[in-house]
Amino acid sequence: MVNIQPVLLDILQNLLEEDLKSFQWYLSNGVEGFTHIPRAQLEKADRHDTVDKMVQSYGHNGAVEITQAILKNINQNQLAEELRTSLREEWTTEGRLG
């Protein structure tokens, strides 16, 4: 199984502070098909904490899905594509090793 946390962290590290706040706003206010993460849990969360909360709340696949959805909502389509590409590469590499 691909360790998704470093991949998601890399994506969030490419967001400016204002975009990270928007990303966290969507997490705390809900995205269609996903439960929200309580605002208090994200209030002082940095990028690492945000990734951990997403994986705890949604699991590996869900964390990827909600990340892609939110990136599109905040007009970070290039990062959404980078996430898709990174996961494809990780899966291909792991498939060859396993």
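Every number in this text was worked out from the coordinates using simple rules, so none of it is lab data. All of these numbers come straight from a predicted model, not from anything done at the bench. Cβ: placed from backbone, ideal geometry, glycine included. Neighbour counts: every protein chain shown.
For the modelled label position 7 Å from the Cα of A69 along Cα-to-Cβ, which residues of segment 19-36 have backbone nitrogen atoms closer than 12 Å? Only 26-36 pass the distance filter.
Write out the trypsin sites (Lys or Arg not before Pro) in segment 35-94 meeting two conditions: DSSP loop, and at most 14 other Cβ atoms within 10 Å of their Cβ.
Here the sparse-neighbourhood loop sites are K44.
Among I11, I66, I74, which one shows the biggest mean-square fluctuation in a GNM of the chain, springs joining Cα atoms closer than 10 Å? Residue with maximal mean-square fluctuation among I11, I66, I74: I74.
Computing semi-axes √(5λ) of the Cα gyration tensor in Å for the structure here picks out one of (i) 24, 20, 11; (ii) 21, 17, 12; (iii) 23, 14, 12, namely (iii). Short-range pairs are left out: with C-alpha atoms under 8 Å and at least six residues apart, the relative contact order of segment 1-74 is 38 percent. Remark: the chain carries a charge dipole of roughly 180 debye about the Cα centre, counting +1 on each Lys and Arg Cβ and -1 on each Asp and Glu Cβ. For the chain, the longest piece that avoids every one of the GluC sites (Glu not before Pro) found in DSSP loops with at most 14 other C-beta atoms within 10 Å covers 44-98. Between A69, A40, A80, the GNM of the chain built on Cα springs shorter than 10 angstrom shows A40 fluctuating the most.
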